[in-house]
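S.K.: Quick one: the structure is below, and I'll ask about it shortly.
Throughout, read-outs are computed from the coordinates displayed, never taken from laboratory work. All values derive from a computational prediction rather than experimental measurement. When we count neighbours, we look across all protein chains shown, and the Cβ atoms used for this are built from the backbone with ideal geometry, even at glycine.
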Amino acid sequence: MRWMSFCGNLARVGCSSRCPTLPLNPTQALALLLQPIGLNLRQISLVLSAMAKTNVVSITQERQFAFPPEILATLEPGDEYLLWQTDDTIVLKKITQPVSLDTLFERIEALGPDPDQPTEAEICDIVKTIRHERAQP
C-alpha cells in the first residue's frame, strides 16, 4: 500500500516535463515510472489490481497462518480448495462441484426452445447436400 500512496502523491505533485497533462491518476503515474522497462498501461493496471487484492500473512511457530477477514468473508463452509506449491508460491484454487444431470436438464429446459434450431426437413437437406458433395470425385 505504500507504493500506492507514493503513486498517489506523485500524481498530485506532478512529475517534471515528462507529464504532458496534470493531475495524473496513480495508474498513469506508475505507467510513467515503469515505461522504461516496457510495461504498457493495461499491464500496469493488472498489476495494480492484483496489488489491491494482495494480503501479507505470517506463519506462526506452529506453522499455521490465518486468512485475513476480507478473504474469510468470501469463503463458505464446505467449500473445497485444491492446494499446490511450486518453489516459493502457494496457490489455493476453489474446486467447483460438477452439475448433476438432473440440474443440467432443468437448466436446458428453463432456456426454452432454440429459435435457430433447424427443422427436421432442413437437417435432411443439409445431410443430403453434404453426402452429395462428398460423393463427387
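S.K.: Can you list the HN-Hα couplings for segment 79-88, worked out from phi with the Karplus curve (6.51, -1.76, 1.60; θ = phi - 60°), rounded to whole Hz and with x for Gly and Pro?
M.R.: Working through the residues one at a time gives 4, 10, 10, 8, 10, 9, 10, 10, 6, 9 Hz.
S.K.: I've got another one for you. Gain in length, Ile108 to Ser45, computed as 0.36 nm per residue apart minus the alpha-carbon separation, to one decimal in nm? It would help to have the intermediate numbers written out before the result.
M.R.: On the way: separation 63, 0.36 × 63 = 22.68 nm, distance 3.80 nm.
Result for the pair: 18.9 nm of gain on full extension.
S.K.: Arrange Ile71, Ile108 by Cβ neighbour counts within 10 Å, fewest through most, would you? Mind dumping the intermediate values first?
M.R.: Numbers: Ile71 13, Ile108 10.
Ascending Cβ contact count within 10 Å gives the list Ile108, Ile71.
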